[in-house]
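*Asks:* Dropping the structure in here first, questions after.
The values are calculated or read from the model by the stated rules, or taken from the named source; none is laboratory data. On a predicted model such as this, the values are computed, not experimentally measured, just so you know. Cβ placement follows ideal geometry from the backbone for every residue including glycine, while neighbour counts extend to all protein chains displayed. Accessible surface is based on the protein model in full, side chains and every heavy atom, while ligands, DNA and RNA are left aside. Shrake-Rupley method; radii C 1.70, N 1.55, O 1.52, S 1.80 Å.
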Amino acid sequence: MSQQTQLESRKKRKRRSKRAQNSKFKIRVRYKYHYYRWINTPDYGTFKEVYEKYKNKGVTFWCVPKGDPVFTNPGLGTIGEQLDSVVSANGNYEIPTRYFERDYSGELVVVKPFLLPETRLTPEHPVLACGSVRQRSKWYDPQTRPSLKVVWKPAGELTVKDWVFFPRFEGRREGDPELLYLMGLYMAEGYPIGNQVYFALGHAEEGLAQHIIDLAARHWGVKGTINHHPTGLLVRFSKEALANFMRKEFGSRAFNKKIPPWILEQRDPRPFLEGWLKGDGFKRGNTWRLSTSSKMAAYQVLLIGSRLGVLPAIYESDRPERRVIQGRRVNAKPEYEVRFHMDGSKYSNKTSHAIRTKDGFWVRVRKIRRESFSGTVCNMETPSNNYLLSFIVHNCADLPPEYSSQDGTWTGYRLDGDKTHTASTLKRYGRHKAWVDPVYKFQGKNVILVYNARG
């Protein structure tokens, strides 16, 4: 045997001895395709015994309270329901593959970034975040900027010096700008009743009323009339198919209006926003302001704004629930104001709370508080392992399969698995022999492997 071979053998023996020092058991196990090997493991026994020893040493399963908003197709859904798709960090839709639900009693972390709505999370839920750095200039005051050193940080460890991420929403559709403008006007002023479609305008908007009639004749092939009322003008179109289409695509009432996907995914949604602003907003300098009583529509504007390179801010009004309108007492719905700051300047001496990158926006955390919670919390699994609440968070803990159909001999359980998976695994395999495998890992986490787990 050559000297070089002897040295290599000696190094291998040293490595094996170091591993053996940290191992209490040496066992012979069979892996896939009837492959046997000897391994050294720190723990060996029944699955129940090994699990009880390690159950508190993993990461707690992270969740979001059931019913809280999540960005979906076509804009906003609630966590816990069966969702067709969710928005991920790359700005595209992804189909969730699994859902998880459990009971939780304890603290929730409520994170409120600048511009964005607040989000509630269990303290261990990972958030895509980065810290702050100070940038100095001889012309302007020191500015705080995101460090862009991206990490997954538990929500309970976030501070007001951290930044969270909102992606740039992708759009690949091309539409007629004139038709998009008409749809924006409908979003602001239109509504269906029976077989009729109406636009409600002010007394001084005769020109706009005629413009709507002209656009509708070109794009919808329908004639309209202008009716004068004490409160304003009503532009009316009588066509059952058109009323049903508008009701389906946009919603039937102001508080549940929504932007349909084929508008939300436009490459250039600016004509639609122009029409909406004409009816329910205004421009003042570099600021655009939209008002809506639909929470869904307000959240959808965040996606549209991100594609224009601007992250708008959402403000919810604190107006009283009951109001007097024209002598009548009515129940008022919450109102949302969406503000775009279309600032084209490169430099500013004002503190920036949202920094744009080619992939999206880093938004600084404004405040963090904690609240007590007792109820159901949920999570889901997505192909890219993340999804969008009001900022990007990690999906649920990935778990190895309980049963391998290729060899039918063992199952794996990751040390930070969820409650439902734990209960079923303990029930089926609690008496089977198990070990903490020193080699096999799933998503970088140690796994308890259960021997001969055929049920």
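*Asks:* Write down the Å³ per residue value for the convex hull defined by the alpha carbon atoms of the range 105-254. Walk me through the numbers on the way to the answer.
*Replies:* Values: hull volume 37.6 nm³, N = 150.
Per residue, the Cα convex hull of the range 105-254 comes to 251 Å³.
*Asks:* Okay, moving on. For the peptides 222-230, 299-307, what is the packing order when you average, over each peptide's residues, the other Cβ atoms within 10 Å and list the highest mean first?
*Replies:* 299-307, 222-230
*Asks:* Expected output is a single nm value to one decimal: the length gained when fully extending between residue 286 and residue 359, i.e. 0.36 nm times separation in residues minus the C-alpha distance. What is it?
*Replies:* Extending this stretch completely gives an extra 23.9 nm.
*Asks:* So which of 149/367; 66/358; 161/257; 258/283; 24/149 end up more than 28 Å apart by C-alpha?
*Replies:* Details: 149/367 21 Å; 66/358 32 Å; 161/257 36 Å; 258/283 22 Å; 24/149 40 Å.
Among 149/367; 66/358; 161/257; 258/283; 24/149, the Cα-Cα distance tops 28 Å for 66/358; 161/257; 24/149.
*Asks:* So, one more: Between residue 82 and residue 110, 0.36 nm times their residue separation minus their Cα-Cα distance comes to what? Before the final figure, lay out each step's value.
*Replies:* Details: separation 28, 0.36 × 28 = 10.08 nm, distance 2.42 nm.
Extending this stretch completely gives an extra 7.7 nm.
*Asks:* Sticking with this one: Give, as ranges by residue number, the residues of the range 76-111 whose backbone N falls under 19 Å from the point 7 Å along Cα→Cβ of residue 249.
*Replies:* What the label zone holds, given the 19 Å backbone N cut-off, is 76.
*Asks:* Would you work out if the range 223-306 is rounded, prolate or oblate? Take a ≥ b ≥ c from the square roots of the eigenvalues of the alpha-carbon gyration tensor; rounded if a/c is under 1.5, else prolate when a/b is larger than b/c, oblate otherwise.
*Replies:* Judged from the Cα gyration tensor, the range 223-306 comes out oblate (a/c at least 1.5, b/c at or above a/b).
*Asks:* Using heavy-atom solvent-accessible surface (probe 1.4 Å) with all chains present, what is the largest-first order of 132, 88? If you can, show how the numbers build up before the last one.
*Replies:* Numbers: 132 45, 88 0 Å².
Largest to smallest exposure gives the sequence 132, 88.
*Asks:* Please report the accessible area of residue 53 (heavy atoms, 1.4 Å probe, ligands and nucleic acids excluded) in Å², nearest 10.
*Replies:* My reading of the accessible area for residue 53 is about 100 Å².
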